[in-house]
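Q: One structure, pasted below without further comment.
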Amino acid sequence: MDLFEYQGKQYFARFGIPISKGGVADTVDEAVAQAEAAGYPVVVKAQVKVGGRGKAGGVKVANDVDEVRLHAGNILGLDIKSHVVKRLWVEHASDIAKEYYASFTLDRSAKKHLGMLSAEGGVEIEEVAVTNPDAIAIIHVDPVDGLSLEAATEWVARAQLDEEAREQAAELLVKLYTCYTEGDCDLAEINPLILTPEGRVHALDAKVTLDDNAAYRHPEWEEFAGSDVEDERETRAKERGLNYIGLSGSVGIIANGAGLAMSTLDVVNQCGGTAANFLDIGGGANADVMAAALEVINSDPAVKSIFVNIFGGITRVDEVAKGVLEALDRVEISSPIVLRLDGTNAEAGREILAAHLSDRLVAEPTMLDAARRAVALAGGKS
Amino acid sequence: MSIFVDENTKVVVQGISPTSQGLYHGLRNRAYGTQVVAGTNPKRGGEEIEGIPVYATVAEAVQATGANASFISVPPKFAADAIVEAAAAGVPFVVCITEGIPAQDEALAYNRLVRDFPGTRLLGPNCPGIISPGKCNIGITSGDIAMPGGPVGIVSRSGTLTYQALHELSQQGVGQTTCVGIGGDPVPGTSFIDCLAAFEADPDTRAIMMIGEIGGSAEEEAAEFIASSVTKPVVSYVAGVTAPAGRKMGHAGAIISGSKGTAQAKMDALAEAGVTVAHNPTEAGEAMVDVVRNLG
């Protein structure tokens, strides 16, 4: 789960990472109240989960109440790359002497935590990574050891942060590491991490991705759960607990396992069709899950055929077959369904379905045959 | 021969109870012919469930039965501890199929094994397990889609595509030495390279099928290894050519991965390494049939 900047900053604050004084606002009046509380000048920042806010006019400095009203009014409702701004973060504007970059994430190759730190932070950091990779100091942290203050101190020196920033930065990085590990983040990133002319180091932005697998031990994440899904189909799928990604094609896809679901998209594409979605129903494909999956796909008017591709492992194919039939009893499906069922108890599954097959419910023996059929039923090559 | 497991593998099922997933899968594995010699459950030591003796700890189970492999399918919040318990008990091969373990727990457990228990190989988590057809099946693979006798070794990152690969080969009458599902989690205990090296060393494995998917750089690393260290023919399929572009994880993701991670980049790297790259699982199966035919 990606957090908004304001949520990320509040998450940082729990771990003692210094942030600017500020608060959220959903209206112009609230923005004014937050500005008065934070003290002028303030920065009014659009809260959207997309980069390039500044260039799109979503970040403005305001020196007095009139400017807050003007900027807040302009930014609320602003469309930034299809993300409409509904909320603002208003914080005291910091004077900036230096901009740094700091992050922790997992290095899958090294199988250790990876810290990246640069004295050349700011919006061009990805450019820096390409043109001057030596400007980014990396550190691999073994999760068994964690990050010590000594190691962090060596790291900030290696990154050549300014002398007066080093002690505070090292302490902050240890806190950021704690936030990343104990806070169960997939990513904890500060860009920019700033040094003020008065010599204080603090986080001016926050990019945090939480590990959904750890939600069970973070009841406090409830407040982040949310309203940021733009695609209506994805909202419906999410309500039903399905792993669904909306696409723009005409063949609805239901498969078990992310790999098989991706492969199903590939094969439909190779047969000249286009997928309307990615949908992985996972291991427990019972009638409820299948009904929910069919409902979500059925609600997409672009869908012309539905390809159900199941290879049973934990998922038993006879259960899937029963699920499909039960789902058809419950939901009126407007597109023909092509089934390809293999794996655990596949024979039993096919027998269950045999009596129910029609031109609206077709079974094919292989994945390729089923893909061709589904593409043909969707109107052929598109 | 086979890799990692064979007919002498003795399995302890961790977290066994009359209603557990572990019992369900353990019984299926036993029905396949796997030696399931013990179960563990801290509250049920001394009991017997479906003929499987239950011990309170893995250490006791190992001492009493000589178990040399463990099978973990406990819920995510218990899985990392279960992995470390098995390793600490000296179990040399641990299969964990549990899906949804927090990445932090996974990274910690992996690095504890590397440091404190280097004699233990972890397969998974979030994988379908391993099957050496006719000898041993640990995990959730349906035994009847596999075919004994080799000569193909399979390694796959994706669960259901692992079954698909087995199925495609068996349908064509091509057997397998061992099929390893390494799982798609961020920190897999066993990598493509571990399996490629083991298949290269196994005299009965004469060709290798490798199934990858988008994300990370494991396939690119495997390609480098194949180019330098694998003499046997390799056929590969990478899922996700048409998959929607994944979420970009801040700047950090872009800085680390660069152009790596896309299906096309992986396929290019594998082709460069001399691998036969197929565009769907069926094509991969057919390509492997050709390879096996030409082995003579």
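Q: Among the residues in region A:68-80, are any in contact with a His (Cβ under 6 Å, 6 or more places away or on another chain) and touching a residue at least 24 places away in the same chain (Cβ under 8 Å)? Full working, then the answer.
A: Kept after step one, since they are in contact with a His (Cβ under 6 Å, 6 or more places away or on another chain), are these residues of region A:68-80: none.
No, region A:68-80 has no match at all.
Q: Being farther than 30 Å from B:LEU113 by Cα, without any contact (Cβ under 8 Å) to a residue 40 or more places away in the chain and within 14 Å of chain B (Cβ to nearest Cβ) is the filter here; which residues of region A:81-117 pass it?
A: So the first thing to find is which residues in region A:81-117 are farther than 30 Å from B:LEU113 by Cα, and the list is A:81-101.
Okay, now just the ones that are also without any contact (Cβ under 8 Å) to a residue 40 or more places away in the chain, so A:81, A:84-85.
Across region A:81-117, the qualifying residue is only A:LYS81.
Q: Moving on to the next point. Which condition does A:SER299 not pass, out of (1) within 12 Å of A:GLY249 (Cβ to Cβ); (2) open to solvent by 20 Å² or more (accessible area, probe 1.4 Å); (3) among the small types (Gly, Ala, Ser), if it passes all the others?
A: (1)
Q: Looking at this structure, is A:ASP184 within 15 Å of the chain's Cα centre (by Cα) and within 14 Å of chain B (Cβ to nearest Cβ)?
A: yes
Q: Limited to region A:246-285, what total is found for residues that are more than 9 Å from chain B (Cβ to nearest Cβ), small (Gly, Ala, Ser) and part of a loop (DSSP other than H, G, I, E, B)?
A: The number of residues fulfilling the criteria is 8.
Q: Being open to solvent by 10 Å² or more (accessible area, probe 1.4 Å), in contact with a strand residue (DSSP E or B) (Cβ under 7 Å, 6 or more places away or on another chain) and within 14 Å of chain A (Cβ to nearest Cβ) is the filter here, so list the residues in region B:123-152 that pass it.
A: B:ILE140, B:GLY143, B:ILE145, B:ALA146 - these are the residues of region B:123-152 that are open to solvent by 10 Å² or more (accessible area, probe 1.4 Å), in contact with a strand residue (DSSP E or B) (Cβ under 7 Å, 6 or more places away or on another chain) and within 14 Å of chain A (Cβ to nearest Cβ).
Q: Is there a residue in region A:355-369 that is within 22 Å of B:SER142 (Cβ to Cβ) and in contact (Cβ under 8 Å) with a residue 60 or more places away in the chain?
A: Kept after step one, since they are within 22 Å of B:SER142 (Cβ to Cβ), are these residues of region A:355-369: A:363-369.
Still in the list and also in contact (Cβ under 8 Å) with a residue 60 or more places away in the chain: A:367-368.
Within region A:355-369, one or more residues are within 22 Å of B:SER142 (Cβ to Cβ) and in contact (Cβ under 8 Å) with a residue 60 or more places away in the chain.
Q: When residues of region A:320-349 are filtered for being of a type outside the set (S, T, N, Q) and either buried (at least 21 other Cβ atoms within 10 Å of the Cβ) or within 31 Å of the chain's Cα centre (by Cα) (or both), how many remain?
A: We begin by selecting, within region A:320-349, every residue of a type outside the set (S, T, N, Q); these are A:320-333, A:336-343, A:346-349.
Cutting the leftovers down to either buried (at least 21 other Cβ atoms within 10 Å of the Cβ) or within 31 Å of the chain's Cα centre (by Cα) (or both) gives us A:320-321, A:323-324, A:327, A:331, A:333, A:337-343, A:346, A:349.
Of the residues in that region, 16 qualify.
Q: Of all residues in region B:90-116, count the ones that are more than 7 Å from chain A (Cβ to nearest Cβ) and closer than 22 Å to A:CYS185 by Cα.
A: Filtering region B:90-116 down to residues more than 7 Å from chain A (Cβ to nearest Cβ) leaves B:90-99, B:105-106, B:109, B:113-114, B:116.
Pick out the ones that are also closer than 22 Å to A:CYS185 by Cα and you get B:98-99, B:105-106, B:109.
Residues that pass the stated criteria total 5.
Q: Filter region B:74-102 down to the residues that are open to solvent by 20 Å² or more (accessible area, probe 1.4 Å) and not in a loop (DSSP other than H, G, I, E, B), then identify the one that is farthest from A:GLY282 (Cα to Cα).
A: B:ALA88
Q: Of the residues A:GLU150, A:GLU154, A:GLU167, only one is among the acidic types (Asp, Glu) and farther than 17 Å from A:ALA102 by Cβ; which? Let's see the steps before the verdict.
A: Working: A:GLU154 fails: farther than 17 Å from A:ALA102 by Cβ; A:GLU167 fails: farther than 17 Å from A:ALA102 by Cβ.
Matching residue, one of A:GLU150, A:GLU154, A:GLU167: A:GLU150.
Q: Follow-up. Suppose the filter is surrounded by 13 or more Cβ atoms within 10 Å (Cβ to Cβ) and outside any helix (DSSP H, G or I); does A:LYS55 pass it? Walk me through how you get there before you give the answer.
A: Details: surrounded by 13 or more Cβ atoms within 10 Å (Cβ to Cβ): no; outside any helix (DSSP H, G or I): yes.
Answer is no for this residue.
Q: Having 2 or more residues that are open to solvent by 30 Å² or more (accessible area, probe 1.4 Å), within 19 Å of A:SER20 (Cα to Cα) and not small (Gly, Ala, Ser) is the bar; report the helices (runs of 4 or more DSSP H) wholly within region A:115-228 that clear it. Please lay out each step first, then the result.
A: Working: elements: A:125-131, A:149-158, A:163-182.
In region A:115-228, A:163-182 are the helices (runs of 4 or more DSSP H) which contain 2 or more residues that are open to solvent by 30 Å² or more (accessible area, probe 1.4 Å), within 19 Å of A:SER20 (Cα to Cα) and not small (Gly, Ala, Ser).
The values are calculated or read from the model by the stated rules, or taken from the named source; none is laboratory data. Since the structure is predicted, the reported quantities are computational estimates derived from the model, not experimental observations. Because the Cβ atoms are built from the backbone with ideal geometry, glycine has one as well, and the counts that use them run over all protein chains shown. Remember, those area values only see protein heavy atoms, side chains included, never the ligands or the DNA or RNA. Shrake-Rupley method; radii C 1.70, N 1.55, O 1.52, S 1.80 Å.
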